[in-house]
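Coordinate-derived values only; no laboratory data. Since this is a predicted model, take the numbers as computed values, not measurements. Cβ placement follows ideal geometry from the backbone for every residue including glycine, while neighbour counts extend to all protein chains displayed.
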Amino acid sequence: MRITIIGTGYVGLVTGACLAELGNDVFCLDLDQKKIDVLNSGGIPIHEPGLAEVVARNRSYGRLKFSTDIEAAVAHGDVQFIAVGTPPDEDGSADLQYVIAAARNIGRYMTDFKVVVDKSTVPVGTADRVRAAIREELGKRTEKLEFSVVSNPEFLKEGAAVDDFMRPDRIVIGCDESDGGEQARRVMRKLYAPFNRNHERTIWMDVRSAEFTKYAANAMLATRISFMNEMANLADRVGADIEAVRQGIGSDPRIGFSFLYAGCGYGGSCFPKDVQALERTAREYDQDLLILRAVEQVNNHQKFILGRKLVERFGDDLGGRHFAIWGLAFKPNTDDMREAPSRVLIQELVSRGATVAVYDPVAMEEARRVLDIDFAGRPAELSRVHFCESSNDALQDADALIIVTEWKAFRSPDFDLIKRRLKTPVIFDGRNLFEPDVMSDSGIEYHGIGRSAATTSA
């Protein structure tokens, strides 16, 4: 099939590359010439495991191309995927300007029937706005052309996006019968047929329900994380071990173990933005989502938890203190620094007079970029952030090691080396990577999230 992908960010590039891998002829459009130049020169503008190989293979086969040519992109695909960014607006709502611009371009240049697929994460009712934008552009022309707008939200985890796309647990497609739905349904069924050979993974519903499903899914996952973080904070107060609690409640099949790990807060491009956007949608309909408001408040609070633990240990004034930070990206296997807890921690430590030595296996370049923004106009503070070549380099003469991102490379370190390089053998573990009893046996003072009982017993 001939497919056009509008937008080459995480969603668009993964979708385009994976659909090409299945044998489709895919045209990826982006208006950022630098990004297209990188892709056409064999590079990848994002870090996503396995993606570079899929892109390279399908470019060599001629099944995957990249361009800034809007007219050629619209002409190419019988199916037009809109996979552009929907950043949060000032009021927390999703900014749909790029989605609507893409829709207008489709209406401006299309010459035959198109299935227009909203792949971006968008609020309920966006398909109506996309449909209206296309019709408005078609109204300026003499041809009478038909199209259908479909919602097909993505459920890709950064760091595992290729595998998630190629082995989906479900494919949600929203299709309205009043909008050329039957023809669109045939097209989408054919497109996703390779995923349904073993068993049917496609869940069909109306467009608005599909749009809602994406937000509801992310809101549920964010809720589980914030719930466990609140429980962890209470566990520290009452003397319980949140890891034991996690195993106790996760073994209940009605609850399960996924997204039950306590930590220093969630970040990234999805959960924070989508929770806010869903709250904004609710307010438009005069409904207050009390749970989601609390989820957001808990997460914002949790990003300061490591800073608070350090202050409790070293005092309010951290002048003259030096700390090592392992992990900068909001999660492992990505270089994404959006809403990363590390940014909150670094700013707090520096504002209290400390210096920090930071290391991340992948996100160093992106971290330099975003910290330049975070510390804009404060060069003296930014100068107290030192970027290191390795995790061990970051340890030298630090008052403590702080773990913010749960990279696999950090899970089994040389604790004797850590002790030798640190000024004082103290670890603040924002992801509970280590066992308190192991730390005690190693002669390391350990501060986890919600693990005071385990630390005390050790």
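For the reader, a short list of remarks on this structure follows.
- Extension gain for ASP69 to ARG167 (0.36 nm times residue separation, less C-alpha to C-alpha distance): 32.1 nm.
- Checking every one of the trypsin sites (Lys or Arg not before Pro) in the range 185-243 against DSSP loop status and a limit of 15 other Cβ atoms within 10 Å picks out ARG197, ARG201.
- Only Cα pairs under 8 Å and 6+ residues apart enter the sum, and on that basis the relative contact order of the range 2-205 stands at 19 percent.
- Farthest toward the positive end of the dipole of the range 239-457, out of ILE373, VAL438, LEU289, is the Cα of ILE373, where the dipole comes from beta carbon charges about the Cα centre.
- Rounded to the nearest 20 debye, dipole of the range 269-352 from Cβ charges on Lys, Arg, Asp, Glu: 340
- Taking all Cα pairs closer than 8 Å and separated by 6 or more residues, the relative contact order of the chain comes to 12 percent.
- Summarising the strand pairing of the range 2-205, around 5 percent of its internal DSSP beta bridges are antiparallel.
- Footprinting exposure proxy for CYS270, CYS388 (fewest neighbouring C-beta atoms within 10 Å first): CYS388, CYS270
- For a straight C-alpha distance cut-off of 28 angstrom, the lysines reachable from LYS157 (same-chain residues fewer than eight places away being disregarded) are LYS34, LYS35, LYS65, LYS119, LYS190, LYS214, LYS273, LYS303, LYS331, LYS408.
- Both radii come from the Cα set of the range 2-205: Rg as radius of gyration, Rh as Kirkwood radius; their ratio Rg/Rh reads 0.94.
- Dipole axis of the range 25-74 (+1 Lys, Arg; -1 Asp, Glu on Cβ), positive-most option in SER67, PRO45, ALA56: ALA56
- The long axis of helix 207-238 is offset from the longest Cα principal axis of the chain by roughly 0 degrees.
- Full-extension gain in nm, ARG57 to LYS34, via 0.36 nm per residue minus C-alpha separation: 6.1 nm
- DSSP beta bridges in the chain [antiparallel fraction, %, rounded to 5]: 5
- 15 Å beta-carbon shell around MET110, net charge (K/R +1, D/E -1): +1
- Enclosed volume per residue, in Å³, of the convex hull spanned by Cα atoms of the range 155-238: 116
- Along each principal axis, taking the top coordinate minus the bottom one, the Cα set of the chain gives 76, 47, 44 Å in descending order.
- ³J(HN,Hα) computed for each position of the range 106-114 - Karplus, 6.51 cos²θ - 1.76 cosθ + 1.60, integer Hz, glycine/proline x: 5, x, 6, 10, 5, 10, 8, 4, 10
- Karplus (6.51, -1.76, 1.60) ³J(HN,Hα), θ = phi - 60°, over the range 249-256, in Hz, Gly and Pro reported as x: 8, x, 6, 6, x, 6, 10, x
- Highest mean packing first, where packing is the average number of other Cβ atoms within 10 Å per residue, the peptides 241-247, 134-140 line up as 241-247, 134-140.
- Taking θ as phi - 60° and the Karplus parameters 6.51, -1.76 and 1.60, the scalar couplings of the range 394-405 work out to 5, 6, 4, 6, 7, 6, 6, 9, 10, 9, 10, 10 Hz in sequence order, x denoting glycine and proline.
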